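The block underneath contains the structure these notes are about, expressed in structure tokens.
The values are calculated or read from the model by the stated rules, or taken from the named source; none is laboratory data. Small disclaimer: the values here were computed from a predicted structure and weren't measured. Using ideal geometry, Cβ is built from the backbone for each residue, glycine included, and neighbour counts are taken over all protein chains shown.
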Amino acid sequence: MTQADWEIDGVKIDQTTYFRNEVFGNFDWQPWKVGSEKTSAKFDIRILDKHYGVFEIEISHKPSGEAGQHNYTSMLHWGELTEIIRVADVRGKTLYLYSPSEGETEPFKIEIK
């Protein structure tokens with residue numbers, strides 16, 4: 001997940017920590033591959049105006065991926081949605097990530113359009 005000019009109160013987010021610490025910080029992170037960790041969350045998925053339902057998606061975070069270049073460090077692992085996304089051909093489209101409904105911790109909402 002990248003910076004993409006996202007701002008909070010007029011300040012651009014730091015994508016190297018924002019998704020791990022702010023968006024998914026309350027989830028149960030577990031050690032994963034060397035130098036990284038992962039968790040999972042439920043996401044309600046809509047791709048090109050088609051609703052696919054709720055899926056559990058893994059999220060990984062690898063601080064060393066930043067490599068002194070302010071690269072992304074957090075990644076969604078699409079799992080069973082990989083083929084759906086490939087067939088939908090979302091190149092050039094925008095992914096929108098929405099927080100869960102007020103008072104809820106899940107599901108997040110992802111819309112690609």
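PRO107: free of Cβ contacts under 8 Å to residues at least 24 places away in the same chain and at negative phi, yes or no?
Numbers: free of Cβ contacts under 8 Å to residues at least 24 places away in the same chain: no; at negative phi: yes.
No; evaluated as a whole, the condition is false for this residue.
Within region 37-46, identify whether any single residue is in contact with a Pro (Cβ under 7 Å, 6 or more places away or on another chain), farther than 24 Å from VAL87 by Cα and not hydroxyl-bearing (Ser, Thr, Tyr), and answer yes or no.
yes
Which one of the conditions (1) in contact (Cβ under 8 Å) with a residue 60 or more places away in the chain; (2) over 16 Å from the mean Cα position of the chain (by Cα) does ASP9 fail to meet, given that it meets all the rest?
The one condition ASP9 does not meet is (1).
If the Cβ limit is 9 Å and pairs must be 6+ apart or interchain, which residue in region 40-65 that is on the phi > 0 side of the Ramachandran plot pairs with which residue that is among the aliphatic types (A, V, I, L, M)?
If the second residue must be among the aliphatic types (A, V, I, L, M), the pairs left are LEU48/ALA88; LEU48/VAL90; LEU48/ILE112; GLY53/ILE45.
Any idea which of (1) over 21 Å from GLU106 (Cβ atoms); (2) surrounded by 14 or more Cβ atoms within 10 Å (Cβ to Cβ); (3) of a type outside the set (A, V, I, L, M) is the one LYS12 doesn't satisfy?
(2) is the only condition that LYS12 fails.
Might you check whether a residue that is modelled with pLDDT under 90, over 14 Å from the mean Cα position of the chain (by Cα), surrounded by 11 or more Cβ atoms within 10 Å (Cβ to Cβ) and not aromatic (Phe, Trp, Tyr) occurs anywhere in region 71-87?
Yes; the residues of region 71-87 include at least one that is modelled with pLDDT under 90, over 14 Å from the mean Cα position of the chain (by Cα), surrounded by 11 or more Cβ atoms within 10 Å (Cβ to Cβ) and not aromatic (Phe, Trp, Tyr).
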